[in-house]
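Here it is, the structure in full.
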Amino acid sequence: SKSLCYDYLVIAVGSETRFFGMSDVQKNAFTIKTLDDAIRLRNHIIYLLEQADQLLPESSYDNNKSVQSQKELLTFVIVGGGFAGVETAGELNDFIRDSVNDYYHNIDTRNIKFVIIQSGNRLLPEMSEKLGQFALENLRKSGVEVILNSRVIGATENSVKLRDGIIIPTKTIIWSGGVAPASLVSNLLCTHDSKSGRIIVDKYLEVPNYKGVFSIGDCAFVVDPSTGNPYPPTAQHAIREGTAVAKNIIAEIEGKPDKKEVFDYKTKGMMASIGKRTGVGNLLGIQVQGFLAWWIWRNYYLAHLPTLHKKIRVLADWITDIFFRRDVTMFKTLAEEK
Ligand SMILES: Cc1cc2nc3c(=O)[nH]c(=O)nc-3n(C[C@H](O)[C@H](O)[C@H](O)COP(=O)(O)OP(=O)(O)OC[C@H]3O[C@@H](n4cnc5c(N)ncnc54)[C@H](O)[C@@H]3O)c2cc1C
């Protein structure tokens with residue numbers, strides 16, 4: 001371990017997936033926080049498709065058994081009906097159904113089941129009720145079952161248990177039930193917001209009583225001066241906070257504290273993709289849904305990718321995706337590559 005001295009410190013360690021003390025769920029669920037999480041989940045799904053495709057019945061008794069086995073292999077439970085859960089459900093549902101049509105012809109698509117468990121009474125609570133309802137109807141139309149007002153309370157390797165006693169047999173639990181600041185943050189002596197655990201900062205994003213220490217992003221509790229409410233933990237805000245903190249540190253270094261900038265960002269909007277080239281969004285107060293929302297969402301992300309060469313690569317990949325079948329090659333995770 002090495003110690004580094006600093007003149008200025010920016011704490012931007014992000015957040016971690018939170019399991020609310022349910023170690024069995026933590027042990028058995030996939031998370032969707034990092035690129036490795038996504039690769040691991042994708043590999044697991046391809047593996048299950050391969051397994052399910054090999055369940056060939058030889059008699060009617062075997063047929064019943066193989067239907068049951070296929071159902072168990074092909075039931076996917078997503079915990080959490082916020083942005084991450086809804087986008088994951090939409091994308092995986094498309095990926096699995098397209099892949100089955102393209103390659104896994106022994107799989108009966110009626111055996112594929114997607115379930116979203118949402119503790120609240122609607123999907124996408126971050127958005128308006130109308131958009132939440134639109135997402136719900138579209139997901140249901142695409143074959144995703146949505147269970148509202150319920151909670152996961154336990155899990156095993158082969159099932160998930162809900163608060164009302166329902167047990168869903170599954171080999172894939174995807175947890176997007178919440179995040180908390182990285183564990184490092186809770187051990188710091190500064191003041192934390194009692195509910196979220198995030199580091200409280202002032203209007204310049206500086207930690208009160210710790211001169212020269214700033215905090216931004218998911219681990220910081222930044223209050224919107226216009227509303228008095230905290231900004232949501234999104235990349236949209238983290239990026240702007242990064243720019244503001246850089247300006248404020250420069251102002252300090254140049255000895256011009258009056259040049260420090262109050263962080264006051266007006267949220268541009270929120271968008272989510274819900275599968276089948278459909279999206280929902282709220283842009284500068286205007287609600288959009290359907291293909292247009294999905295198209296804007298894609299273009300927004302493309303425009304914000306760093307470097308031209310990355311933009312071209314991603315665009316080429318998306319175009320290829322339109323004309324060719326799904327790629328079901330398993331990838332190594334970054335950890336495996338090391
Ligand atoms: C599935 C998913 C989808 C999302 N979609 C959107 C979206 O569409 N739009 C949007 O605006 N936001 C989205 N978000 C939220 C967005 O990703 C976060 O708000 C954003 O990444 C926060 O940025 P950050 O810099 O605070 O943290 P992060 O991006 O998490 O970066 C923190 C970094 O700190 C590192 N770190 C942690 N601890 C330490 C340590 N002790 N020492 C050194 N380094 C450390 C971590 O490895 C990480 O690289 C999504 C999040 C998820 C999980």
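Going by what's in this entry, would L205 be described as at positive phi, more than 18 Å from the chain's Cα centre (by Cα) and aliphatic (A, V, I, L, M)?
yes
In segment 222-233, how many are touching a strand residue (DSSP E or B) at 6+ places or on another chain (Cβ under 9 Å), open to solvent by 40 Å² or more (accessible area, probe 1.4 Å) and without any contact (Cβ under 8 Å) to a residue 60 or more places away in the chain?
If we filter segment 222-233 for residues that are touching a strand residue (DSSP E or B) at 6+ places or on another chain (Cβ under 9 Å), which is where we start, we get 222-224, 229-233.
If we keep only those that are open to solvent by 40 Å² or more (accessible area, probe 1.4 Å) too, we end up with 223, 229-230, 232-233.
In the following step, the residues that additionally are without any contact (Cβ under 8 Å) to a residue 60 or more places away in the chain were identified as 223, 229-230.
Total meeting the criteria: 3.
Any idea which of (1) within 16 Å of the ligand (Cβ to nearest atom); (2) not assigned by TED's automatic domain parsing to the domain that holds S99 is the one D7 doesn't satisfy?
Every condition holds for D7 apart from (1).
So, restricting to strands (runs of 3 or more DSSP E) that lie completely within segment 249-313, which ones have at least 3 residues that are away from the ligand (no atom under 14 Å from the Cβ) and open to solvent by less than 80 Å² (accessible area, probe 1.4 Å)?
Values: elements: 269-275, 278-283, 286-290.
Ranges flagged: 286-290.
Within the set of pairs 6+ apart or on separate chains, which have a first residue in segment 29-56 that is assigned by TED's automatic domain parsing to the domain that holds E91, a second that is of a type in the set (D, E) and within 12 Å of the ligand (Cβ to nearest atom), and C-beta atoms under 6 Å apart?
That search, which allows pairs on different chains as well, returns T31/D37.
Quick check on this structure: which one of K203, K211, K195 is away from the ligand (no atom under 16 Å from the Cβ), open to solvent by 60 Å² or more (accessible area, probe 1.4 Å), basic (K, R) and closer than 19 Å to E126 by Cα?
Working: K203 fails: closer than 19 Å to E126 by Cα; K211 fails: closer than 19 Å to E126 by Cα.
It is K195.
Right, another one. Can you give me the number of residues within segment 322-336 that are exposed (fewer than 12 other Cβ atoms within 10 Å of the Cβ) and either among the charged types (D, E, K, R) or touching a strand residue (DSSP E or B) at 6+ places or on another chain (Cβ under 7 Å) (or both)?
Here is the first cut: in segment 322-336, the ones exposed (fewer than 12 other Cβ atoms within 10 Å of the Cβ) are 322-325, 329, 332, 334-336.
When the remaining residues are screened for being either among the charged types (D, E, K, R) or touching a strand residue (DSSP E or B) at 6+ places or on another chain (Cβ under 7 Å) (or both), the result is 325, 332, 336.
Selection size over segment 322-336: 3.
Is it the case that segment 162-176 has a residue that's within 14 Å of the ligand (Cβ to nearest atom), touching a strand residue (DSSP E or B) at 6+ places or on another chain (Cβ under 7 Å), part of a loop (DSSP other than H, G, I, E, B) and among the β-branched types (V, I, T)?
Scanning segment 162-176, I find no residue that is within 14 Å of the ligand (Cβ to nearest atom), touching a strand residue (DSSP E or B) at 6+ places or on another chain (Cβ under 7 Å), part of a loop (DSSP other than H, G, I, E, B) and among the β-branched types (V, I, T), so the answer is no.
Among the numbered conditions (1) outside the structural domain of L73 (by TED's automatic domain parsing); (2) open to solvent by 20 Å² or more (accessible area, probe 1.4 Å); (3) not β-branched (V, I, T), tell me where N149 comes up short.
(1)
A further question on this structure: Looking at the structure I just gave you, is G217 buried (at least 18 other Cβ atoms within 10 Å of the Cβ) and within 15 Å of the ligand (Cβ to nearest atom)?
Criteria met by G217.
Moving on to the next point. For segment 180-192: of the residues being in a loop (DSSP other than H, G, I, E, B) and touching a residue at least 40 places away in the same chain (Cβ under 8 Å), which is farthest from the ligand (Cβ to nearest atom)?
Filtering segment 180-192 down to residues in a loop (DSSP other than H, G, I, E, B) leaves 182, 187-191.
From what is left, the residues that are touching a residue at least 40 places away in the same chain (Cβ under 8 Å) are 182, 188.
Numbers: A182: 5, L188: 11 Å.
The qualifying residue farthest from the ligand (Cβ to nearest atom) is L188.
The values are calculated or read from the model by the stated rules, or taken from the named source; none is laboratory data. What you are looking at is a predicted structure, and each value in this text was computed from that prediction instead of being measured. Virtual Cβ from ideal backbone geometry, glycine too; neighbours counted across all protein chains shown. What goes into the accessible areas is simple: the full protein's heavy atoms, side chains included, and nothing from ligands, DNA or RNA. Shrake-Rupley method; radii C 1.70, N 1.55, O 1.52, S 1.80 Å.
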